[in-house]
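The values are calculated or read from the model by the stated rules, or taken from the named source; none is laboratory data. Keep in mind that what you see is a predicted model, and the values were worked out from it rather than measured. Note that each Cβ is placed from the backbone with ideal geometry, even for glycine, and that neighbours are counted across all protein chains shown.
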Amino acid sequence: MIPHTIEIHGPEFRAMHERVMEVTALTSRLNTLPFDDEAGKAALFAQILGRPLPGDVTIYPPFFTDDGRNITFGGRVFLNQNCTLLDNAGITLGHRTMIGPGVTFITSGHPVDPADRKLYLTGAPIVLEENVWVGAGTTILPGVTIGQDSVIAAGAVVADDVPPRTLVAGPKAGAVRTW
């Protein structure tokens, strides 16, 4: 798991890059298997995640990740098809979370300052507490925690924490500052 920042030209970045290349090859194979090839999917998920996929977790391919080993699953988690989990800084999916198709989790990014952008990656974990439902096409950004029993409407961009038992909807984009 990457710390808050990682130097792009450092050894941690090189190791991360090697893992991304390895996992990209594995997910490419996973995403071409017949849907009913349970044994083949199980074997590839074990390689991608660094452990077997728990029996009560369902993931419908296609599935994409840049590491896989930093994803923590609670019981009875469901991920619909075409989800992307960029998990270098860690993703926790609580018990009974339901993830719609085409959802993207992004735990790493770049600094805003152009000079620093060329030198570092930044990262912060994403946490979904118990019984969260994330609608289709949602994007969840680094450092977000979504509280228990909350619902994220389809197409939302989640950049801030969501309190428990809350429905959030809509795009987030807007001018914040200039430099």
Within region 106-115, is there a residue that is touching a residue at least 24 places away in the same chain (Cβ under 8 Å) and closer than 25 Å to F35 by Cα?
-> no
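For region 106-124, check the following and say yes or no: at least one residue is of a type in the set (D, E), within 30 Å of P11 (Cα to Cα) and over 17 Å from the mean Cα position of the chain (by Cα).
Checking region 106-124: at least one residue is of a type in the set (D, E), within 30 Å of P11 (Cα to Cα) and over 17 Å from the mean Cα position of the chain (by Cα).
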Residue count, region 95-113, condition assigned to a loop (DSSP other than H, G, I, E, B), at pLDDT below 95 and closer than 14 Å to V144 by Cα, comes to 0
Per the list (1) touching a Gly at 6+ places or on another chain (Cβ under 9 Å); (2) hydrophobic (A, V, I, L, M, F, W, C); (3) in a loop (DSSP other than H, G, I, E, B), residue check on L85 breaks on (3)
Matching option when the condition is on the phi > 0 side of the Ramachandran plot, touching a strand residue (DSSP E or B) at 6+ places or on another chain (Cβ under 8 Å) and free of Cβ contacts under 8 Å to residues at least 40 places away in the same chain, among G102, G135 = G102
Flag if T65 is crowded, with 17+ Cβ neighbours inside 10 Å, free of Cβ contacts under 8 Å to residues at least 40 places away in the same chain and within 26 Å of F13 (Cβ to Cβ) = no
T24: passes all of (1) hydroxyl-bearing (S, T, Y); (2) closer than 29 Å to L119 by Cα; (3) more than 19 Å from the chain's Cα centre (by Cα) but (3)
Mind checking whether some residue in region 37-48 is surrounded by fewer than 14 Cβ atoms within 10 Å (Cβ to Cβ), in contact with a helix residue (DSSP H, G or I) (Cβ under 9 Å, 6 or more places away or on another chain) and either acidic (D, E) or modelled with pLDDT of 95 or more (or both)?
-> no
Can T92 be described as under 15 Å from R19 (Cβ atoms) and modelled with pLDDT of 95 or more?
-> no
